[in-house]
1. Pop a pseudo-label 7 angstrom from the Cα along the beta-carbon direction at both ALA313 and PHE225 and give the gap in nm to one decimal.
2. Counting only other residues whose beta carbon sits under 11 Å from that of THR169, what net charge do I get with K and R as +1, D and E as -1?
3. Among GLY264, GLY88, GLY235, which one shows the biggest mean-square fluctuation in a GNM of the chain, springs joining Cα atoms closer than 10 Å?
4. If you wrap a convex hull around the C-alpha atoms of the stretch 268-405 and split its volume per residue, what is the figure in Å³?
5. Starting with the highest mean, order 99-110, 26-37 by the number of other Cβ atoms within 10 Å, averaged over the residues of each peptide.
6. If packing is taken as the average number of other Cβ atoms within 10 Å across a peptide's residues, how do 128-135, 274-281, 49-56 rank, most packed first?
7. So how much slack lies between GLU332 and ASN135, counting 0.36 nm per residue of separation and subtracting their Cα-Cα distance, in nm?
8. If you build the convex hull over the alpha carbons only and average its shadow over all orientations, what do you get for the stretch 266-306? Give it in nm² to one decimal.
Amino acid sequence: MTPEQAQLLESQIGLLAQTASATSMAVLLLLLRRKHRGRTFFHLWCMAWLSLSIALMSLVVSSSAWVTAGEMTTVTWQELFYAIYFLGKFGFYLLLVAGTLRFTRSETKRARLAFHITAVVALLFAAALPCFQHNLTTLVRAQAPAACVAGLLCAHLFWRQHNLRSFGTRYCTLMFLAMSALWFTYFMVLSFNDVAGLLRGSSLYGALTHYNSYFDLLVQQLLAFGFVVLLLEQGRRETDLAHVKLLAAHEKLRNVALQDQLTGAENRLALREYQRDELDKCALVACDLDLLKDVNDQFGHEAGDQLLSHFVAVLREGLRDYDRIFRMGGDEFVLIMPTSDPADALHRVRTLLQQAPTSTWREHTLRLTASLGAVNWSKGADLQTTLHEADQLMYADKRSNKATRR
């Protein structure tokens, strides 16, 4: 076997390996796409590898014996398969850019228009050039600028997305830069005889001419791996976001479950879950609005609801942030006031009610008065027992208030 034949065999083996790798990677990405149909950026990258595998298959077929046999048909078949190869490779670069634009959310109206114009021009050029140029080396050299520009543009789009900065984006940035550097080297060696002359005979020149298919294979495989990493990272980000939303929704539902919807005070369930702090003093005050039934009977339940809301608003405005207001139902409320003794708590609540602004219902004044009973909620004391003691004092105050009104 002559050196020329050995070199041709090596290049064909490398091309076959690159084609098999690109095809298997396209199949793998398409299988992954089935479970990620909503991610259009990944769909575009899958189509890029499919376009690449078609391009490489056409190059393999163009070098087969049945195409090259027969002088009359050689040029015609090679034009066809070279056109498919060139269109596939340009489609590969364009789809890489389109997927990256979509992933990085850089697809503005202006960018979309520029991309569409560039895509049309590039594909027309890819389809027309093989009709005028039948030298494969020249065709490979002609795609080098497109590969360099696509790689640099994708690397730039990934790098400038600070909110998406991750291992996957840094890795893909590096692979796109590697793709650009590789094709820039090809272009320099294939285009300028001076550069080729300087490198000829060196190990670098030998590697570029004998193993360029393997270099392409390596970069393409590593880039495809980066896309899979990006897909996994995107899934993790979406899972984390869904988890945060779920926690927020759970907290919101919990707050709704523990809150009285009319007044905004906490409800009976919230009081059951309340845990007394280890403080020396903690006052528990039982409250009952005195005139709610009269307001409901005279003006209707809407007026009574307004009076209840006004009562809670007055307390919330005047009490401390860590004092708690619970509505037990109807016109009954419980206040828990840490660091306060019963006498201080009663004085503070009565002062708030006496100084409360007037509430009116359709030009009728709604009086805000309440019967109160306060006890000390001592450490270790049962809540229900303490509530019962406060209720007894509140009922005694209510009887006293009724007697006074008479």
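Every number in this text was worked out from the coordinates using simple rules, so none of it is lab data. What you see is a predicted model, and the numbers here were worked out from it, not measured in a lab. Cβ coordinates were reconstructed from backbone atoms using ideal geometry, including for glycine residues, and neighbour counts include every protein chain displayed.
1. My value for the distance between the label points is 6.6 nm.
2. +2
3. GLY264
4. Taking only Cα atoms, the stretch 268-405 has a hull volume of 106 Å³ per residue.
5. My ranking of the peptides, most packed first, is 99-110, 26-37.
6. Output ranking for 128-135, 274-281, 49-56: 49-56, 128-135, 274-281.
7. Stretched fully, the GLU332-ASN135 segment lengthens by 61.5 nm.
8. Orientation-averaged projected area of the Cα hull: 4.2 nm².
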